[in-house]
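Here's the structure we're looking at; comments come further down.
The values are calculated or read from the model by the stated rules, or taken from the named source; none is laboratory data. Everything quoted here is computed from the prediction, not taken from an experiment. Note that each Cβ is placed from the backbone with ideal geometry, even for glycine, and that neighbours are counted across all protein chains shown.
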Amino acid sequence: MVDSVARRLLKELKDYQNEPNPDLTELSPISDENILIWNAVLRGETDTPYEGGHWSLRIEVPKTYPIHPPKIKFLTKICHPNISFKTGEICLDILKTAWSPAWTLQSACMAIRLLLSNPEPTSPLNCDAANLLRCGDFMGYESLVKMYTQLHAMNQQDNEESS
Amino acid sequence: MGGGDDNSREEIHDGSMTNQEENTNAQQNLEPSPNLPEKTAIAEEDSSKEAKQIPEEKPNENAEGNNVEQEQSVIADNAQAVGASATETISVGNSSTGPVEAHKPEDTANRDAAHEDQVKFQQNLEYEISIKKEEAERTPLVCLSEDIQKLYQEYEQGSDVYRNKIMKLAERHNKIRRCRGDGNCFYRAFGFAWFERLLLSNNSTILRAALDSLVATKTLLNSSGYQPLVYDDIYDVVEEQMKAIERGERDDSMLLAIFQTDEISNHIVWYLRVITAAYLKKYRQEYEPFLEFETEMDQYCSKYVEVMDQEADHIHVIALTKALNVPVEIAYMSGSDAMEQVNFHEFYPDNEATGGNLTLKPLVLLYRPGHYDILYRKE
């Protein structure tokens, strides 16, 4: 029943549009034809090595949403212990076993944003980033993250915001 | 299966040179004289260079500031800068350099082995879960009712403690209806038994009272901080089913068909879950003391109550029966031979709230460790 999914998604879209979220600068279906595929843009948190970066996320909504979770991955390259550098896959419990319909696409994106500043190096998808954290090299970790943020997430026009 | 391994290997090729060497350095900073194989000389030289630039008290912050400056100049240089404190033998970010393992300090290798073990453990766990799920999916979400003798036959080869208890149970109960053991069985059994009881009651007062308590749950959900956005579609599904019973459009086989349909059945289950969560949150002072490890109620609910397939605990039963004003009796049947009989626990809502629901007979559920089914009492 795609109908009930569409109804829910339209409500979520309206909810986002009524109350714009500065940390999630975009959240919408990529086309009018297919409401099951969304694009979102996350803004990196200030005072973290992600500051100043903007990352695109691709969201695939299953037909059984919201009983089952959406599939979310990073399109923009990001360096983080729990995100695959290569595929953008995210390791976050609420996107898998801990999902519940009480989450929305917006709150799920915000949970991903929270993950950025709260990495979980014991279950890494990016071993290099995780290893730096696990051996306590925060300086090396932060500079690595900053480098990739500058390399991949700051090539848009919004550089001026951060500095 | 190999996915994880491949990934990590590829990751290593991506930006690894810098990291590996960063590791070496960090360990150096932490432990003054580690037993690093090979390159110790070069690395030490580097850390001494760093030490000269950095006042002793806050090495990290300053070092970072140092790095930031470099980053702002040119990114390519930056990449060098990150790797600069390492050996010169490796070109930074070049994925075509030789096997990474060769440059690994020993304990990094150990850590990676430990990590691999963990990945394997995780994979095994996921495999186990998927097998259990497959096994469970052979049972319909809710089954046809069976004679209680079927339950007895299940234990014919097994413990006579169970057989004796079932004999006792059979004195007052004649049928059992199984539910799928997918972690939702309490909610599904409760939902089906409740709707069936309403259907069979054929009593408009009872039905009205049930509808009223269902409508009231929306207020409960709002007061516990749930956005209507997340529950109202799901609520509509539940209400529609109850109204169809009121309109006389349902019979028992239709009810069974509805509860065997994934979508509707799961919507009902989840709505019962969110009611339970909302009730526990509203009366958190009362129930928080029962949670292990001083968990906070909101966190507990979002982890164990709202999430599908998470089994229900004692307090969930209390919360749901009170929130919906539905009396439930649960027969606890364990393999313990301390008790000859099956123990019945009564979950009756508060007296003052009972009002119009007095005539609703309690739902009867059978609990065996880890699982709920529905029982039918002899008339």
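General observations
- Tally, over region B:197-236, of residues that are within 26 Å of the chain's Cα centre (by Cα) and outside any helix (DSSP H, G or I): 4
- Boolean, B:A278 is in the same structural domain as B:K165 (by TED's automatic domain parsing) and within 30 Å of B:I166 (Cβ to Cβ): no
- Being in contact with a strand residue (DSSP E or B) (Cβ under 8 Å, 6 or more places away or on another chain), more than 25 Å from B:I275 (Cα to Cα), surrounded by 15 or more Cβ atoms within 10 Å (Cβ to Cβ) and more than 12 Å from chain B (Cβ to nearest Cβ) is a property that A:I83 lacks.
- Selection status of B:E239, away from chain A (no Cβ under 13 Å), charged (D, E, K, R) and assigned to a helix (DSSP H, G or I): yes
- In region A:38-52, the residues that are surrounded by fewer than 19 Cβ atoms within 10 Å (Cβ to Cβ) and either within 25 Å of B:D233 (Cα to Cα) or within 14 Å of chain B (Cβ to nearest Cβ) (or both): A:N39, A:D47, A:T48, A:E51
- Residue within region B:156-168 that is within 13 Å of chain A (Cβ to nearest Cβ) and exposed (fewer than 12 other Cβ atoms within 10 Å of the Cβ) present: no
- Within region B:261-379, helices (runs of 4 or more DSSP H) holding 3 or more residues that are within 14 Å of chain A (Cβ to nearest Cβ) and touching a Cys at 6+ places or on another chain (Cβ under 9 Å): B:262-282
- In this structure, A:Y16 does not qualify as assigned to a loop (DSSP other than H, G, I, E, B), among the aromatic types (F, W, Y) and either in contact (Cβ under 8 Å) with a residue 60 or more places away in the chain or buried (at least 17 other Cβ atoms within 10 Å of the Cβ) (or both).
- Residue count, region B:208-228 (criterion: over 19 Å from B:A278 (Cβ atoms) and either surrounded by 18 or more Cβ atoms within 10 Å (Cβ to Cβ) or touching a His at 6+ places or on another chain (Cβ under 8 Å) (or both)): 1
- Of the residues in region A:26-37, at least one is more than 12 Å from the chain's Cα centre (by Cα), away from every other protein chain (no Cβ under 14 Å) and either within 30 Å of A:C127 (Cα to Cα) or assigned to a helix (DSSP H, G or I) (or both).
- Single residue of A:I67, A:I30, A:I78, A:I94 found to be in contact with a strand residue (DSSP E or B) (Cβ under 8 Å, 6 or more places away or on another chain), free of Cβ contacts under 8 Å to residues at least 60 places away in the same chain and either surrounded by fewer than 18 Cβ atoms within 10 Å (Cβ to Cβ) or not acidic (D, E) (or both): A:I30
- Answer residue from region A:103-133, given it is in a helix (DSSP H, G or I) and at the interface with chain B (Cβ under 7 Å from one of its Cβ atoms) and is surrounded by the fewest Cβ atoms within 10 Å (Cβ to Cβ) among those: A:C127
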